[in-house]
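The structure appears below as structure tokens.
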Protein chains: 4
Amino acid sequence: MRKEDKDQTDYQEMDYMDAWVRHYRSFTAEGQCATYIPALEKADPTQLGICVIGPDGTVIKSGDWEATFTMQSISKVLSFIAACLHRGIPYVLERVDLEPTGDPFNSIIRLEMHKPGKPFNPMINAGAITVSSLLPGESPQKKLESLCILIEKMVGKRPTINEEVFRSEWQTAHRNRALAYYLKETGFLELEVDQALEVYLKQCSIEVNTEDIALIGLILAHDGYHPIRKEQIFPKRVARLTKSLMLTCGMYNASGKFAAFIGLPAKSGVSGGVMTSVPPRVRTEEIPFKDGCGIGIYGPSIDEYGNSVAGVMLLKHIANSWDLSIF
Amino acid sequence: MRKEDKDQTDYQEMDYMDAWVRHYRSFTAEGQCATYIPALEKADPTQLGICVIGPDGTVIKSGDWEATFTMQSISKVLSFIAACLHRGIPYVLERVDLEPTGDPFNSIIRLEMHKPGKPFNPMINAGAITVSSLLPGESPQKKLESLCILIEKMVGKRPTINEEVFRSEWQTAHRNRALAYYLKETGFLELEVDQALEVYLKQCSIEVNTEDIALIGLILAHDGYHPIRKEQIFPKRVARLTKSLMLTCGMYNASGKFAAFIGLPAKSGVSGGVMTSVPPRVRTEEIPFKDGCGIGIYGPSIDEYGNSVAGVMLLKHIANSWDLSIF
Amino acid sequence: MRKEDKDQTDYQEMDYMDAWVRHYRSFTAEGQCATYIPALEKADPTQLGICVIGPDGTVIKSGDWEATFTMQSISKVLSFIAACLHRGIPYVLERVDLEPTGDPFNSIIRLEMHKPGKPFNPMINAGAITVSSLLPGESPQKKLESLCILIEKMVGKRPTINEEVFRSEWQTAHRNRALAYYLKETGFLELEVDQALEVYLKQCSIEVNTEDIALIGLILAHDGYHPIRKEQIFPKRVARLTKSLMLTCGMYNASGKFAAFIGLPAKSGVSGGVMTSVPPRVRTEEIPFKDGCGIGIYGPSIDEYGNSVAGVMLLKHIANSWDLSIF
Amino acid sequence: MRKEDKDQTDYQEMDYMDAWVRHYRSFTAEGQCATYIPALEKADPTQLGICVIGPDGTVIKSGDWEATFTMQSISKVLSFIAACLHRGIPYVLERVDLEPTGDPFNSIIRLEMHKPGKPFNPMINAGAITVSSLLPGESPQKKLESLCILIEKMVGKRPTINEEVFRSEWQTAHRNRALAYYLKETGFLELEVDQALEVYLKQCSIEVNTEDIALIGLILAHDGYHPIRKEQIFPKRVARLTKSLMLTCGMYNASGKFAAFIGLPAKSGVSGGVMTSVPPRVRTEEIPFKDGCGIGIYGPSIDEYGNSVAGVMLLKHIANSWDLSIF
């Protein structure tokens, strides 16, 4: 565990983070790396890392915080923000609803049962593919460019796309193609299927580490304002909408349980990342990060829902210890 | 609008609340009173009332705040709290999950599709009937008694059950009976069907006014602590769980949109009540009720989702004006 | 094997029927008796019996042909005929459709998915309960009386109701109650739920043996005409409708496979009975029962679909040997 | 109406066929031509034609019997026969079931609800695309060639593919692509999606007239034997299987009603064709075509289920007049 920038952080605090990571790392054995994307299967399932960033620049890092991984579903949050920024919220919400579903992330059933088949939210694949198609620009390249510009503004460096992961996903994306063609038929997908999938699967293949997603979580916590660079990256109303979506739909089919026991807006990906946003909160006790923070976690061993096994346990421990819940 | 107890409330504030209620009352015409329960159909659709209570006892009341109505689905929150109090959270969660569904409140489909048919959450009827059956006591009377005791502790008076509404619901509860028999078959309902329905439909028929539900909302906002009576009514962990459920599932199939645009834990009933809990929040601007509050609204004209048409509009206006969102 | 009434039947034929029954009896081990109705679980799973009756009175009997069993779902055919007789076909078809579903016999999903929730056919429970409620007479007793009169006309003796089986089913009929209350809510069930279930579950508890159902199958084969008593019991158009329903929906979720490989209108029950109707057919070869026949089979060990394991195998063997298919 | 080949047909009979066609033509106004395939929309909705062929070569033709149309879903019958011929029945049935569904022909729901997602029958699109992929040959051309050879053997001329219709379908086949990618993911589709769709959509675009499909219906009626060319085209067991499928699933979601009121194996297409197979039957009265026949009908104005409006009415009239039912 490294302590940076600030002296006031209690050293005992840093020590216990290392202890926590050590403790929860042993639970990585309860899950396994995602197998349906060949490139993800190669990850080291015993890895577990965390980065917490406060608005004053306080940073706590521990374990495999530097490991690089692809965003996967975490990217759904970024493309939703970018689409709202460029198209306006009403335009986006005409094409995707905001309701949680209780269905698997790749389900088609609800599209068929509920005419006219508008995707229920931007965090399930049907909604995320629709949202990716709304990014500005004519070509997939232009659309990805606009997404990368947004990310660069937040994390301070140009993100790279892992081409191997993209190709691996592209070749096995039968279910996503099924969803996209279904959306094409019902008229909710205006872009060509291949183009929409190229954008979607490439955004899933954007590489980050825990520090990057902690920073994005922090900016969301501060309603689109970058407290370190002191710049409003996106409007408060987009940030609020996004955090509500993360809370109700961000952790796949465990979103309700996550909201109940952790109580924070978060988004996970099958690669093992969890991006969490902790808004400032009123507490009478002395607890860390009262002014909010962003938390990035990486642990590629995932549970039956698709969430990092040890990552969620570690986050629950921290949320309870520091009383982070928004409720 | 009446201003009570405290002198420091800005009189302009009280005036604008009256103006808001007047304004949104005109939108009651966009909905209609619930028709599937004969006794509810008799309500005056033009009514709209509100009560806001702060932890220091500040109260703002306007419109038809004194009107009496039956809790209907709002009671699901109370029976969930009571069941958790008496059985413990793990016992309750073995019999009902915490996931939002996107299905209508009275849907059976998911019980059949997802073996073994555990109800997805306590805010849909299948889950609420299960929870009611878990209230302590052998007989329906005893179970209702334990619920009434909890409510009395919070609102300071013994609640009454509207027998006419109960009988009306009892006679037309075919769909709820279908759900209960389904739960009986799958083993999630341990009580006899008729007994479980008696408890459930009687709790739905408990009479309240906006002040009562504002007070309950306030206690939830303060994690189970009654800030006026200065007493912990139920544990913080039960309060947190309950507020997360209200946020993800409390406003029927508009819960996601409500979380996105209002951002508060709330529970509505088809009788037109909306109980909202506003936790304390960190804000730099001078805004009312920074230490949180409870908001009770009544407006029996409901929309397609089952939520008070004008009530939700009024609440959205207040939430935006006072920046009440938890996100 | 006993040969009755007629001399012209080849004795070798009788011998091979005994051999077939002996052979297929060993396959009863591949299934088990229905467990969800306590009274059915007591049956002897090794039993297998058959009765074939031709229009000239030729009868072939073998194995446990004399064993008594309750009709269960086979009764759905009889109540459909009785309802059509007394109400007219159009009246009945306004309340139940004629389409196969592919769903389990006790499914609710389709009632909810397809508004307004008209049961898809009279062979699934939702449709059968609706049909039972349409039998003539005000009380359950009167309705059952009209059904028993029809059966008596066909089999020549007054049927008895097994009260022990009825009580056993009545107490465990949670799923059927769920279906009935659902139908009550959607308006397709006009009778009170308890009354409709009493009729339905009592008709399921009517006792028969293989000779009885063979006779009913024979009368259906001859379009409602009793070739032995030489009397038209019900109109040809009712018989045709009924046989088409048996073919498309009579063997639970194996109806399609049964039609494909056996090709005969048949109805099974979870008690292990299979009632089959073999219409006259044009064949150039010398084969038995060219003028059609009825086949009754009993074998209480049932497969995953609810059909008699050994009974279906035996029937397939006979259908292929005697080229009985209607196609 | 033209009478060919045989003298013994009653001339009055020919006259009434013309009268029937005239009568039912007026009902074409109750439907409309399929709109989802642009090329089909151009058809003349007032057309109605019929051809009946008996095993002795008797032919009755009336109305627009000579009009050319694309087979559309009728081709599902032919590719099923061809796949069974070349792969054997067990191989085909490992990849597609034989159960009717009650779902729309292009539904995905059941594939997702029922793991592992095996298509329920070869008459819905999911099953038909799977079956087309099983035709012998490596390339789409080879697979279509084997299908065309089978058809040529039956109708005596090489069928042509309407390239305009094929291109039109290819460009709008989003839903079929969604189905095919879904099948690809679950492993039931072994061929590449584009290749399977090329075969499937080209077979749908094969041109026929009522005489062609009447002939195929006749051969099916005679269990695969061509009574005019006196040649066994395919085995009896394949014919029986095919006819049972047509009866249980051949007329889209009206298959059950068609079986009940017409009682014949038939397959319709959205282009307005209906291919019917009438097996020989035992009747005491003097009625036409006792030795069976094939009936081809064309009427491009279709009903809500996708079946020729006037065609089904005409067929019902004939089936009742001539007592054609297999039951």
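A short reminder: the numbers here are calculations on the coordinates, not readings from a lab. Quick caveat: nothing in here was measured; it's all calculated off a predicted structure. We place every Cβ from the backbone using ideal geometry, glycine too, and count neighbours over all the protein chains shown.
The mean of 1/r over all distinct Cα pairs in chain D, once inverted, gives the Kirkwood hydrodynamic radius of 19.5 Å.
Once the mean of 1/r is taken over each pair of separate Cα atoms and inverted, the range D:208-265 shows a Kirkwood hydrodynamic radius of 12.0 Å. Averaging over all projection directions, find the projected area of the Cα convex hull of the range C:73-204 and quote it in nm² with one decimal place. Taking a quarter of the hull surface, the average projection is 7.4 nm². Bridges between two residues of the protein assembly as shown, per DSSP, are antiparallel at a rate of about 100%. The other copies place their A:Asp15 label points at 6.1, 9.6, 11.2 nm from this one, listed shortest first, where each point is 7 Å from Cα along Cα→Cβ. Placing +1 on the Cβ of every Lys and Arg and -1 on the Cβ of every Asp and Glu, with nothing else charged, gives the protein assembly as shown a dipole about its Cα centre of roughly 0 debye.
Under the convention that each Lys and Arg Cβ holds +1 and each Asp and Glu Cβ holds -1, the size of the dipole of chain A around its Cα centre is about 760 debye. Most tightly packed first, judged by the mean number of other beta-carbon atoms within 10 Å of their residues, the peptides D:268-274, C:43-49, C:302-308, C:148-154 read D:268-274, C:302-308, C:43-49, C:148-154. Against chain D, whose longest principal axis comes from its Cα atoms, helix D:174-186 is set at around 60 degrees.
What's log10 of I(q)/I(0) for the range C:194-303 at q = 0.15, 0.16, 0.21 Å⁻¹, Debye sum over Cα points only, no solvent? Ignoring solvent entirely, the Cα scatterers give -0.70, -0.79, -1.26. Based on the Cβ-Cβ distance of A:Asp56 and A:Ser146, what FRET efficiency does E = 1/(1 + (r/R0)^6) give at R0 = 41 Å, to the nearest 0.05? With a Förster radius of 41 Å, E is 0.85.
Taken one residue at a time, the phi angles of the range B:196-213 give Karplus couplings (6.51, -1.76, 1.60, θ = phi - 60°) of 4, 5, 4, 4, 4, 6, 6, 5, 5, 9, 5, 8, 9, 10, 5, 5, 4, 6 Hz. Gly and Pro are set to x. Spacing of the modelled spin labels on D:Glu41 and A:Glu231, each 7 Å from Cα toward Cβ, amounts to 5.0 nm.
Between identical copies, the spacing of C:Pro90 label points, each set 7 Å from Cα toward the C-beta atom, reads 5.2, 5.2, 6.5 nm from nearest to farthest. Checking the cross-link pairs D:Lys157/D:Lys202; C:Lys290/D:Lys243; C:Lys316/D:Lys118; D:Lys202/D:Lys267; C:Lys243/D:Lys184 against a 28 Å limit on the alpha carbon distance flags C:Lys243/D:Lys184 as lying beyond it.
Note on the range A:141-221: Cα-Cα pairs beyond 17 Å make up 54% of the total pair count. Size descriptors for the protein assembly as shown, from the alpha-carbon set: Rg then Dmax equal 34.4, 110 Å.
Assuming charge only on the beta carbon of Lys and Arg (+1) and of Asp and Glu (-1), the dipole of the range C:73-204 about its Cα centre is about 220 debye to the nearest 20. Dividing the mean sequence gap of close Cα pairs (under 8 Å, 6+ apart) by how many residues the range D:74-204 holds gives a relative contact order of 29 percent. In chain A, Cα pairs under 8 Å separated by at least six residues give a relative contact order of 25 percent.
Assign one of three labels to the range B:196-238, namely rounded, prolate or oblate, based on the Cα gyration tensor with a ≥ b ≥ c the square roots of its eigenvalues; rounded applies when a/c is under 1.5, prolate when it is not and a/b is larger than b/c, and oblate otherwise. Here the range B:196-238 falls in the oblate category. Which of the GluC sites (Glu not before Pro) found in the range A:163-201 are loop residues per DSSP with 13 or fewer other Cβ atoms within 10 Å of their Cβ? Filter output for the range A:163-201: A:Glu190, A:Glu192.
By how many degrees, 0 to 90 and rounded to 10, does the Cα axis of helix A:236-249 deviate from the longest principal axis of chain A? Once rounded, one gets 90 degrees. Closest approach of a chain B Cβ to the axis relating B and D (residue, whole Å): B:Met113, 3.
Taking the label point 7 Å along Cα→Cβ, C:Val282 and its counterparts in the other copies are spaced 1.3, 8.9, 8.9 nm apart, in ascending order. From the alpha carbon centroid of the range C:221-289 to that of the range A:98-132 is 45 Å. Straight-line cross-link reach from A:Lys236 at under 12 Å between alpha-carbon atoms covers these aspartates and glutamates, not counting any fewer than eight positions away in the same chain: A:Asp223, B:Asp323. Extending 7 Å from Cα along the Cβ direction at D:Lys157 and again at A:Ile287 yields two label points whose distance is 8.3 nm.
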